[in-house]
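Below is one structure, written out as structure tokens; comments come after it.
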Amino acid sequence: MNGDQQMNVLWYLLVLLLPLAALFARRIPIGHVMRMALMWMGIFAAGLILATLWTRNRGAVDGFLTDAGLTRSVVVGSKVEVPRGSGGHFWIDAEINGVTRRMLIDTGATQTSISRETARAAGIAVENGFGVMVETANGPTINQRARIAQLRIGPITARDMAVLVGDNLRDDLLGIDFLNQLKSWRADGNRLVLEPRTR
């Protein structure tokens, strides 16, 4: 046993002896003290077992939380798994130039589009000039071009990414242009799995 281990043993003994000494000083019957000590040891053992199970089965726990709708996405290794939300859509929290925004993953959108409010919050300079005609579910609209310095979803990062900025956008859209930068993306049951390219 080296010096560090001896210090640890002494520390744990001190932590155990101080409460016991306080109980004995109050003249509490020994049977009651032993029951309390066993109860606390049981509580600590249960906490240690739960912490160990949580750590060793983190992927399963995160998957359960995602399926239950308690988290918006879960990172498994380098992959990001996005649960299907209400209405059958996939929503994700994305970081745009350091600003977190909720985005709809839209496989029908050829280009990622953000609202003017999101562009302003993320400090994105919107190009003036001729816009781009875009067909939306609400009819044609004109959006402006811009570039995002960094768009990040968990461990997945896109840099210097072209986007469209619209005045009439209800939701920020993560389009197929972002998804095509990935190694793969696929629907797996009620989850959309995003896998980045390895560098």
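The values are calculated or read from the model by the stated rules, or taken from the named source; none is laboratory data. Source: prediction; values computed, not measured. Don't worry about glycine lacking a Cβ; one is built from the backbone with ideal geometry, like all the others, and counts go over all protein chains shown. Surface areas here come from the heavy atoms of the whole protein model, side chains and all, with no ligands, DNA or RNA. Shrake-Rupley method; radii C 1.70, N 1.55, O 1.52, S 1.80 Å.
Just a yes or no: is a residue in the stretch 63-84 assigned to a loop (DSSP other than H, G, I, E, B), open to solvent by 50 Å² or more (accessible area, probe 1.4 Å), modelled with pLDDT of 75 or more and closer than 21 Å to Arg152 by Cβ? Yes, there is a match, as at least one residue in the stretch 63-84 is assigned to a loop (DSSP other than H, G, I, E, B), open to solvent by 50 Å² or more (accessible area, probe 1.4 Å), modelled with pLDDT of 75 or more and closer than 21 Å to Arg152 by Cβ.
Among the residues of the stretch 1-19, is there at least one that is open to solvent by 100 Å² or more (accessible area, probe 1.4 Å), over 30 Å from Ser184 (Cα atoms), at pLDDT below 75 and over 38 Å from the mean Cα position of the chain (by Cα)? Yes, that holds for at least one residue.
Note on the stretch 131-199: enclosed strands (runs of 3 or more DSSP E) holding 2 or more residues that are in contact with a strand residue (DSSP E or B) (Cβ under 8 Å, 6 or more places away or on another chain), open to solvent by 50 Å² or more (accessible area, probe 1.4 Å) and at pLDDT 90 or above are 139-153, 156-166, 184-188.
Checked against the criteria, Ala125 counts as among the small types (Gly, Ala, Ser) and touching a helix residue (DSSP H, G or I) at 6+ places or on another chain (Cβ under 9 Å). Only one of the numbered conditions (1) closer than 30 Å to Gly77 by Cβ; (2) in contact with a Ser or Thr (Cβ under 9 Å, 6 or more places away or on another chain); (3) not aliphatic (A, V, I, L, M) is not met by Gly189, and that is (2). Within the stretch 175-199, residues that are closer than 25 Å to Leu164 by Cβ reach partners that are modelled with pLDDT under 90 and small (Gly, Ala, Ser) with beta carbons closer than 8 Å, at six or more positions or on different chains, in the pairs Gly175/Ala109; Ile176/Gly108; Ile176/Ala109; Pro196/Ser78.
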